[in-house]
Structures are given as structure tokens and as C-alpha cells.
Amino acid sequence: MAKNVTTAFVCSECGATSPRWLGRCPSCGKFNTMAEEAVGNEQPSVQKRSVYSLPKAKPLSQVVYEKYSRTPSGISEFDTVLGGGIVAGSLVLLGGNPGIGKSTLLTQIAAHLSLTRKTLYFSAEESCSQVKMRANRLNLNGDNLLIVNDTCIDGLENELDGVEFCVIDSIQAVYTEELTSSAGSVGQVRECATKLMRIAKSRGITFFIIGHVTKEGALAGPKVLEHIMDTVLYFEGENQENFRILRAVKNRFGNVSEVGVFEMAGDGLHAVTDYSGIFLSESRGEEAGCAVTPAQTGNRCMNVEIQTLISRTAFGQPRRMSLGVDYNKLTLLLAVLEKRCNLRFSSEDVYVNVMGGIKLNEPATDLALCAALASAYFDKPIDKYTAAFGEVGLTGEVRAVQYAEKRVQECVKMGFKRVLLPAKNMKTVAKYADKVSVVPILYLSTMIKTLFGENRKNESAE
Ligand code: TYD
Ligand code: MG
């Protein structure tokens, strides 16, 4: 079949084709979008079918609902994220930065599955002995786990007799001979994934596919893989930190609001079931510049500490740096604090870090970030039993957020004594008033008065 197939370069944005590679698409003018694809007399991915063979349409009510059979992976947090276990014949993409622990997680799962089902680990990145070394480190008995080390997936189908689960490590390292481009290019990644999808759907084999995230945070190529997959999971966290968060961004067999928390230890990844308090520092409440917010990640609420540091700019432009919080959000909130509350940051360098390497991307964390910045500015610590949440608008108004009740509940559980929250969320949390002091905040300046009792830095008062 390979002989009939020729290749062309297709623009991933507009679909224009060209016989050779071009840096810029002549049709839509976008740069770096031309990727090699197989085209030819026999299109490998499209089977010709007569229009007359279309099955008869029937009312939705007559469709028989088949329940998916799910297999436990051996790691409860992983099952939760998948929506209750592994669905047979599905394609699961696990994305994440290099070194985050993708191979570790899937080796653990593959070893567990191989105890009862035939499981194959297709390692394109590491040799068999490297995988064996990892398995030893994880104290895994790999007696039943089949392993093959190759980079070309054209022969994979012949190895799959009786196999029910297959791990591909990684999609960027494998190639098919149908394309001449090198492994990891958009065309190769897409073609290989399509091949795997055809095998998965025709033979009912479940594939776990590892994909590295590029610098921009997307999987190789502009989202080339996500539409082919049934489930897309991302593994997040900083490499230096021990905690990792597994998040589903797409799931055809469950909802995407579930997250799993893992801890990397000397003997592999362990699910963390008691995650309260892991994103808080021990010296909380002693130093200025820190604030705690109950952050909603997936369908879980966890108290997370935001730390900020302010130092006088030596010369030139003041520096802003943020880890775990969007950079634009930080500059925006600094501008609001400056204009609405009269805190001057124009000659201060500002650094922000979120504990535990977790990424906060919901607007409800705005108020705590402002509180941390103000605390650093006044050089006054916020007491360790105070938490804050709420969205901050450009007018300095604190706006209502979702899940207010859940957030307050988490603070009560963690022993917090005071929660600052948007005034408009007060109704839903009134019932907690006897357990924790809930302070309604209408404007950012009210929050600053409540926490620091002043609106101006002493020495900088005009
Ligand atoms: P790995 O799973 O190879 O990452 P990925 O496949 O995502 O690139 O491993 C990531 C890191 O985890 C590696 O730097 C070593 C560390 N590690 C541990 O701390 N404990 C362990 O038991 C293992 C196997 C790895
Ligand atoms: Mg790896």
C-alpha cells in the first residue's frame, strides 16, 4: 500500500496543499503551518463506501444504550479522572512536560493491568533495559508485561494478537514509513495517531498515548491530536515539586471536572487522597506577602497559598515575574491596586509564586492575590487563619464567584477563622456564620482596610 501513497504538504489552518514544504502558507499567509500528509490513490484513512449502504436512520429513543465496561487501573485517582475506570477500545492521550512522570504513571498502570490482561508497552523513547530499570525502582513485578522497543509503528499491528491494553511512549518518537518527514513532525504525529485510532476501534484495544507538550503548552502541532482521542489528560506541576495534578480536558466517557492529585516519591507516583494543606507553607502567617485562597481545581476545592515579594527596582523598568498565576492577570491587578487603592508599584519589582507548583487560572483567586500584594507592600503579614476569594474588576469592585459555599466549607474544614469574600456571595454562605467569620467585601479598598487598617503606606504618604 505504501507504494501508492504520495505525500503533500497541507496547511493545518486553511487546508491549502503544496507539493513541497513552505514556511508560509500562500493561501492564508500563516507561518509554520504546512505539515506533510499522506495523499494518494488509496487514501489510507478513508475507505470508499457507496452512499446506498447508509444505515437506515432511526429515532434516538430506539437506540439501545450499551454500557461501557470499565477496568480499574490500580490507581484510584486515575480511575476517577477517567470517569470510573478504563473503557475498552478507547484512546487516552496523556500530555505533560518532559520529566513530569508520564512514563512512570503508565508503567505503574501497565504493570497492574498486565496481572490479568495482556498488556504491551511500546517504548520508542527508552530501551527495554531502561524501562526495566524504572520498573525495578517502582518495585513492580513485570513478569506479565510485554515490552518492545522500536520507533516505527507500521509493524505494531502484527504484535497485537490478544493484547487488550497498549502504551505508546511517546507519539512524538514514533513514525510511519508512509511519510518522509521526521518523527515528531505534525504530519507524522497525526498519521500515527490516526493509525492507532483505526486499530483501537476495529480491534477493541485500549491505547494510552504519551505526548510531550511543546513550549507553548499545546501538544505537538496545533491541537492536532485532541479531536482523534477519546480522552485527553494533562499532567501538570513543576518538575522540582513533588505534587502533580492530573486533569482531563476532554473525556467522551465521563466529565472533565475531575482532577487527581499525585505525589512523586522515590518509588513512583502515589495518589494523594488527603490533599488539604499540601499547598500551604509551614511558616504561613509569619511573613508578609502571603495569602491563602480556596481554589477550585476541577471539582475539588483546595486551599492554596500565594506568595509575593516586592523589592525596590535597582534601575530602569520594574520587573514582574509570576509562577502559577497568569502574567497578564498580575499586571492588571497591580494597575487596579495602584489606581483604586493608591498603592505605588511603579518603582518596585514584583514576584509571585503559587505554592506546590499548582496553576491558578480562575478569577476567584484575584482577591487573595491582591491581598498578598498589599501585604508585601505594607510589609504586614496576614494572620494564618484568614483566607480570601473573589473576582476583582477593573473598577476595584469585588465580584461574585462560583462555588462560594464549597470554598467556605473547605476553609471551615481547614480550621480558618475568617474568610473575606464578595458581598454578593454572602447569601449562600450565611449558614456558616457561626463557624467562621465571613466578611463581605464590596471594593478592593475595603479589603485593604479590613486587613491592614490603612489605605496608605506610612512613609510614602503624600
Ligand atoms: P518520567 O516518568 O521518565 O517522566 P516523563 O516520561 O514524563 O518524561 O520520570 C520523571 C522524573 O521522575 C524523573 O526525573 C525521575 C523521577 N522519578 C522519581 O522521583 N521517582 C521514581 O520512582 C521514578 C520512576 C522517577
Ligand atoms: Mg518518558
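Here Ser69 does not fit the description of being free of Cβ contacts under 8 Å to residues at least 24 places away in the same chain, within 16 Å of ligand 2 (Cβ to nearest atom) and either surrounded by fewer than 21 Cβ atoms within 10 Å (Cβ to Cβ) or not assigned by TED's automatic domain parsing to the domain that holds Leu225 (or both). Among residues that are within 16 Å of ligand 2 (Cβ to nearest atom), in a strand (DSSP E or B) and either within 22 Å of Ile205 (Cβ to Cβ) or among the small types (Gly, Ala, Ser) (or both), Gly184 is not included.
Restricting the first member to the range 83-97 and to residues that are crowded, with 22+ Cβ neighbours inside 10 Å, and the second to residues that are part of a strand (DSSP E or B) and among the basic types (Lys, Arg), the beta-carbon pairs closer than 7 Å and six or more apart or on different chains are Ile86/Arg70. Residues of the range 121-130 that are open to solvent by less than 30 Å² (accessible area, probe 1.4 Å) and either more than 12 Å from ligand 2 (Cβ to nearest atom) or not assigned by TED's automatic domain parsing to the domain that holds Asn144 (or both): Phe122 alone. Lys406 - would you say it is at pLDDT below 95 and part of a helix (DSSP H, G or I)? Yes; evaluated as a whole, the condition is true for this residue. Restricting Glu13, Glu66 to residues that are over 30 Å from Gly237 (Cβ atoms), part of a loop (DSSP other than H, G, I, E, B), in contact with a Lys or Arg (Cβ under 7 Å, 6 or more places away or on another chain) and modelled with pLDDT under 85 narrows the list to Glu13.
Gly142 satisfies every condition listed in (1) modelled with pLDDT under 90; (2) more than 9 Å from ligand 1 (Cβ to nearest atom); (3) loosely packed, with under 14 Cβ neighbours inside 10 Å except (3). Has the range 303-319 got any residue that is under 19 Å from Glu236 (Cβ atoms), surrounded by 20 or more Cβ atoms within 10 Å (Cβ to Cβ) and aliphatic (A, V, I, L, M)? The answer is yes, given that some residue of the range 303-319 is under 19 Å from Glu236 (Cβ atoms), surrounded by 20 or more Cβ atoms within 10 Å (Cβ to Cβ) and aliphatic (A, V, I, L, M).
A single member of Ser114, Ser123, Ser129 is out of contact with any Pro (no Cβ under 6 Å at 6 or more places or on another chain), of a type in the set (Ser, Thr, Tyr) and within 12 Å of ligand 1 (Cβ to nearest atom), and it is Ser123.
Here Gly237, Gly268, Gly289 are screened, and the one residue that is on the phi > 0 side of the Ramachandran plot, modelled with pLDDT of 90 or more and not polar (S, T, N, Q) is Gly289. So which residues in the range 151-181 are more than 16 Å from ligand 2 (Cβ to nearest atom), under 30 Å from Phe9 (Cβ atoms) and not polar (S, T, N, Q), if there are any at all? Hits for the range 151-181 are Cys152, Ile153, Asp154, Gly155, Leu156, Glu157, Tyr175, Glu177, Glu178, Leu179. Only one entry in Val174, Val163 is surrounded by 15 or more Cβ atoms within 10 Å (Cβ to Cβ) and under 28 Å from the mean Cα position of the chain (by Cα), namely Val174. In the range 98-120, of all residues being in a loop (DSSP other than H, G, I, E, B) and within 16 Å of ligand 2 (Cβ to nearest atom), the one that is most open to solvent (accessible area, probe 1.4 Å) corresponds to Pro98.
The values are calculated or read from the model by the stated rules, or taken from the named source; none is laboratory data. As the structure is a computational prediction, the values presented were derived from the model and not from experiment. With ideal geometry, Cβ positions are generated from the backbone for all residues, glycine too; neighbour counts draw on all protein chains shown. The area values use the complete protein model at the heavy-atom level, side chains included, leaving out ligands, DNA and RNA. Shrake-Rupley method; radii C 1.70, N 1.55, O 1.52, S 1.80 Å.
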